[in-house]
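Report on the following structure.
The values are calculated or read from the model by the stated rules, or taken from the named source; none is laboratory data. Predicted model only: the values in this text are computed from it and were never measured. Positions of Cβ are backbone-derived with ideal geometry, glycine not excepted, and every protein chain shown enters the neighbour counts.
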Amino acid sequence: MKLYRFLCLSGLVAGLVAVFVAAGPGYACACKKKTTGYFQKMGIEVAAAATGVLPGVAESLSGISGDPGRGRLVVINRKKGNCLACHKISKLSDQPFHGEIGPSLDGIARRYRESQLRQLVMDARKFFPQTVMPPFYVREGLYRVATKHQGKSILTAQEVEDVVAFLKTLR
Amino acid sequence: MKRLYLFAVLGAVFTGLVVSASSAQERKAIRPKDKANPLTELISGYYFANLETRSLQDDDFDNPGFLWVDQGAALWKKVDGGAGKACVSCHKNGEQSMKGVATRYPAFNADLGRVINLEQRINLCRVKHMKAKPWKWESNELLSMTVYVKQFSRGMPMNVSIDGPARPYFEKGKAFFNRRRGQLNMSCAHCHDFNYGNRIRSNLLSQGHINGFPAYRLKWQKVGSAHRRFRGCNKQVRAKPYKYGAQEYVNLELYLAWRGNGLPIETPAVRM
């Protein structure tokens, strides 16, 4: 009986070896959810934000305070914020398909002040120079912008304020 | 006793083979040969498509791209232009004469003094040797002939050269790939180098390889060139696209082909 078990075990080991041999130069990739260099850097940057080192934009861009309800619509809209393309937001789980490119925004208002959230939405490169996240309130220094969008930012001042108001509800 | 041993080992090898065969259903990756490649593993877009789409590609009878292969085969024999010639007049049997040709394109062309892609090589033959008009970009004729020529290299690894006179074109293509552009201010690398395997909303990002092009895209309901795909990706980030056949896109094609050197050609691939 013991022998039988031993044979089974050695069989399993040999089987695994065979997997590697048969797989040859190809192998199954483990590319799902890789950490990009950005994400690694992020840990440091987030800590910096918590201690208040990262400067934000204190003043409302429109002079009017934002509306979280309207902000929610901007966040969802694929032609506006489309934040769900890259971020998971559990509060919006009624919406299908949350992307996996950026970190989850759950509890984001506990990690950043309002001024910093405003800066992040306007131009996240201030905090993360290499980021893939689009600068939502920038008109200049962009390359080969399609004619239709030239000279315009992705979001208006009020839309930025509304998004920030929505983010502040994510505690 | 000995027999039992043999039995166990044989069984084990068999299990191994079965397991490895089924793991081929997962993403198969190969290592890039050139150390300068930004990717540490090369994975065809095939493995990022859903199983339904993959099964369309797996069967030549189901693969709608083969309609273009058939049209290309007919054009291969069709006389056109002032010289009264067809492709077959010079190249005879494509199965022999065109085998492996597509693995080397885009390539530097000494006559024109620049890097050209396969479509441009085909049109060069039409103008120079057939005295015929070049086919229009994205026309059925040019797509069909490109697919026809390229499928003779199916399964062969892409193997473009970036040495010598091709080098400056390669460098330009590389710069294009890494440059932020459009209102969304994103580069090709942002999606296809740093985020492959991640979903962007509902789309699973691949490494953006061109080993399947011209490819049949379900969304297009037809075969399209790599340049059509580039234009689409440019427009997604709200950037001004370039014209079909623009040198900028040919350079980009050279960079992407090098970046995927070693991946097997899949033309006509099926993509979502």
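Here are the numbers for this structure:
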| quantity | calculated |
| --- | --- |
| Only one of A:Q150, A:Q95 that is farther than 19 Å from B:G182 by Cα and not aliphatic (A, V, I, L, M) | A:Q95 |
| B:Y169 vs. criteria touching a strand residue (DSSP E or B) at 6+ places or on another chain (Cβ under 8 Å) and hydroxyl-bearing (S, T, Y) | yes |
| Residue within region B:147-164 that is within 14 Å of another protein chain (Cβ to nearest Cβ), without any contact (Cβ under 8 Å) to a residue 12 or more places away in the chain and either over 17 Å from B:G260 (Cα atoms) or surrounded by fewer than 20 Cβ atoms within 10 Å (Cβ to Cβ) (or both) present | no |
| Helices (runs of 4 or more DSSP H) fully within region A:93-171 counting 1 or more residues that are crowded, with 22+ Cβ neighbours inside 10 Å and in contact with a Gly (Cβ under 9 Å, 6 or more places away or on another chain) | A:114-122, A:157-167 |
| Residue identified as touching a helix residue (DSSP H, G or I) at 6+ places or on another chain (Cβ under 7 Å), at the interface with another protein chain (Cβ under 10 Å from one of its Cβ atoms) and at pLDDT below 95 among B:A8, B:A24 | B:A8 |
| Residues of region A:83-92 classified as touching a Gly at 6+ places or on another chain (Cβ under 9 Å) and not small (G, A, S), total | 5 |
| Verdict on A:D67 being modelled with pLDDT of 95 or more, more than 13 Å from the chain's Cα centre (by Cα) and exposed (fewer than 14 other Cβ atoms within 10 Å of the Cβ) | no |
| Within region B:108-132, considering residues that are touching a residue at least 60 places away in the same chain (Cβ under 8 Å) and in contact with a strand residue (DSSP E or B) (Cβ under 9 Å, 6 or more places away or on another chain), the one surrounded by the most Cβ atoms within 10 Å (Cβ to Cβ) | B:V115 |
| Test: residue in region B:212-224 that is farther than 24 Å from B:W135 by Cα and buried (at least 20 other Cβ atoms within 10 Å of the Cβ) | no |
| Number of the condition not met by B:C191 [criteria: (1) surrounded by fewer than 21 Cβ atoms within 10 Å (Cβ to Cβ); (2) on the phi < 0 side of the Ramachandran plot; (3) free of Cβ contacts under 8 Å to residues at least 60 places away in the same chain] | (1) |
| Residues of region A:77-124 that turn out to be β-branched (V, I, T), in contact (Cβ under 8 Å) with a residue 60 or more places away in the chain and within 14 Å of chain B (Cβ to nearest Cβ), as a count | 1 |
| Test for B:S202: is it small (G, A, S) and touching a residue at least 24 places away in the same chain (Cβ under 8 Å) | no |
| Boolean, B:A175 is farther than 30 Å from B:D70 by Cβ, in a helix (DSSP H, G or I), within 14 Å of another protein chain (Cβ to nearest Cβ) and touching a residue at least 12 places away in the same chain (Cβ under 8 Å) | no |
| Residue that is surrounded by the fewest Cβ atoms within 10 Å (Cβ to Cβ), among those in region B:44-86 that are of a type in the set (D, E, K, R) and under 24 Å from B:M158 (Cβ atoms) | B:D59 |
